[in-house]
Amino acid sequence: MKHYNIPIFISHFGCPNDCVFCNQKKINGRETDVTTEDIKNIIETYLKTLPKKSKKEVAFFGGTFTGISIKLQEEYLSVVFEYIKNGLIDGIRLSTRPDYIDKKIVDMLKRYGVTTVELGVQSLDEKVLIKTHRFYPMEKVYEAAKLIKEAGIELGIQLMLGLPGSTDESDLASAIKTVELKPDIARIYPTLVIKETEMADMFKNGSYIPLSLEEAVKRCKKIYSLLDYNDINIVRVGLQPTEELNDNENVLGGPFHPAFRELVVGEIYYDFLKEIYDREKKLEVEINEKNVSKIVGINKINREKLGKDLVIKMNNTLEIDRIKINEKIYSWKQVLRGEINEPSDNKYQ
């Protein structure tokens with residue numbers, strides 16, 4: 001059954017935190033800009049167009065949901081819960097900070113039909129969190145994850161790569177710790193410099209240098225491989241292209257690309273193919289036609305780098321997660337780990 005999110009964007013004007021990458025404006029006396037009537041109207045509009053035989057969830061995006069007042073949280077959730085009780089909506093997704101989760105909050109979320117909670121962890125390196133003005137002890141992350149999972153709610157983890165103070169090693173270490181949390185889903189975001197943020201000032205005065213696109217892909221592919229190999233569903237890689245992000249005046253720097261995930265997956269395949277070519281001096285590849293674009297790469301970059309040595313044949317008898325190279329069949333898991341020979345050390349750990 002196809003899944004659809006009904007997105008509701010909530011700005012959290014009352015957020016007491018001042019993360020360097022955030023540009024949400026603070027407006028005195030006002031928690032947010034969404035009313036319960038807005039929520040009803042958005043849901044009704046989507047229900048008119050979405051297929052009846054589909055899974056539908058209301059997704060609260062854009063703010064720290066459990067950071068707003070309990071009263072307002074319950075008002076929002078109760079609106080959606082009426083649709084859940086009537087069988088029109090299947091659940092609720094929301095995101096929040098790890099330090100804004102406790103047993104009382106989780107029990108309330110469960111009571112109102114929340115199905116997924118994504119923790120905006122961003123980094124599991126306390127030094128990085130301090131530099132980004134987002135500090136919370138690591139114990140808070142583990143406690144929050146445990147409470148969410150024990151409640152039977154799907155756990156999501158959001159990671160940001162290339163934050164101030166981060167390195168290849170620290171971002172990879174955060175991913176390794178993420179695996180230990182055993183989330184169901186994950187999002188990976190390379191850090192962008194957005195105007196009207198403290199990070200924008202840091203960028204302008206040279207105290208923060210964002211990752212280049214090449215650096216971001218290189219850093220991300222290790223983390224992607226690690227999470228995917230451990231059966232964590234990576235629901236997004238890179239920010240979704242929007243009118244605001246496509247405007248150069250809003251994004252001052254950083255590795256924005258409208259197809260960032262495809263760049264990362266293409267690089268993972270390239271590394272694997274190159275290693276086999278260096279050993280066997282030929283690349284005769286058979287693959288299901290649905291995966292050909294991943295092998296070739298965006299703008300055929302992998303074909304260009306591998307040249308005439310890369311010979312591709314479509315073979316739709318192969319499963320989606322299989323690739324045949326020089327008469328040997330490899331699984332996607334082997335590609336992720338770079339396992340040309342069995343057994344092999346995981347080079348990303």
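The values are calculated or read from the model by the stated rules, or taken from the named source; none is laboratory data. Being a predicted model, the structure only gives us computed values, none of them experimental. Please note: Cβ atoms are built from the backbone with ideal geometry, for glycine as well, and neighbour counts cover all protein chains shown. With ligands, DNA and RNA removed, areas are computed over all heavy atoms of the protein, side chains included. Shrake-Rupley method; radii C 1.70, N 1.55, O 1.52, S 1.80 Å.
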Selection within the stretch 47-70 - crowded, with 16+ Cβ neighbours inside 10 Å and outside any loop (DSSP other than H, G, I, E, B): 56, 57, 58, 59, 60, 65, 66, 67
Condition check for residue 104: out of contact with any helix residue (DSSP H, G or I) (no Cβ under 7 Å at 6 or more places or on another chain) and under 19 Å from residue 182 (Cβ atoms): no
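Taking the stretch 156-177 only, how many residues are polar (S, T, N, Q) and part of a helix (DSSP H, G or I)?
Going through the stretch 156-177, the residues polar (S, T, N, Q) turn out to be 158, 166-167, 170, 174.
Now drop any that are not part of a helix (DSSP H, G or I), which leaves 170, 174.
Within the stretch 156-177, residues that are polar (S, T, N, Q) and part of a helix (DSSP H, G or I) number 2.
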Matching residues, the stretch 269-288, being buried (at least 17 other Cβ atoms within 10 Å of the Cβ) and farther than 23 Å from residue 224 by Cβ: 286
Residue count, the stretch 58-83 (criterion: within 14 Å of residue 153 (Cβ to Cβ) and without any contact (Cβ under 8 Å) to a residue 40 or more places away in the chain): 1
Unmet criterion (only one of (1) within 14 Å of the chain's Cα centre (by Cα); (2) basic (Lys, Arg); (3) farther than 30 Å from residue 109 by Cα) for residue 236: (3)
Odd one out for residue 88 among (1) open to solvent by 20 Å² or more (accessible area, probe 1.4 Å); (2) touching a residue at least 40 places away in the same chain (Cβ under 8 Å); (3) not in a loop (DSSP other than H, G, I, E, B): (3)
Of residues in the stretch 215-244 being without any contact (Cβ under 8 Å) to a residue 24 or more places away in the chain and of a type in the set (D, E, K, R), the one surrounded by the fewest Cβ atoms within 10 Å (Cβ to Cβ): 243
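Restricting attention to the stretch 80-91, does a residue exist that is aromatic (Phe, Trp, Tyr) and closer than 26 Å to residue 202 by Cα?
Just the residues of the stretch 80-91 that are aromatic (Phe, Trp, Tyr), to begin with: 81, 83.
Narrowing the set further to residues that are closer than 26 Å to residue 202 by Cα leaves none.
For the stretch 80-91, residues aromatic (Phe, Trp, Tyr) and closer than 26 Å to residue 202 by Cα: absent.
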Residues of the stretch 178-213 satisfying the condition of being open to solvent by 10 Å² or more (accessible area, probe 1.4 Å), in a loop (DSSP other than H, G, I, E, B), hydroxyl-bearing (Ser, Thr, Tyr) and closer than 18 Å to residue 159 by Cα: 212
Filtered residue count, the stretch 135-155, keeping only those that are assigned to a strand (DSSP E or B) and either closer than 26 Å to residue 218 by Cβ or among the charged types (D, E, K, R) (or both): 1
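Here's the yes/no breakdown for (1) charged (D, E, K, R); (2) buried (at least 19 other Cβ atoms within 10 Å of the Cβ); (3) touching a Pro at 6+ places or on another chain (Cβ under 9 Å); (4) assigned to a loop (DSSP other than H, G, I, E, B):
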residue	(1), (2), (3), (4)
290	yes, no, no, no
302	no, yes, no, no
329	no, no, no, no
340	no, no, no, yes
Matching residues, the stretch 293-318, being basic (Lys, Arg) and over 30 Å from the mean Cα position of the chain (by Cα): 308, 313
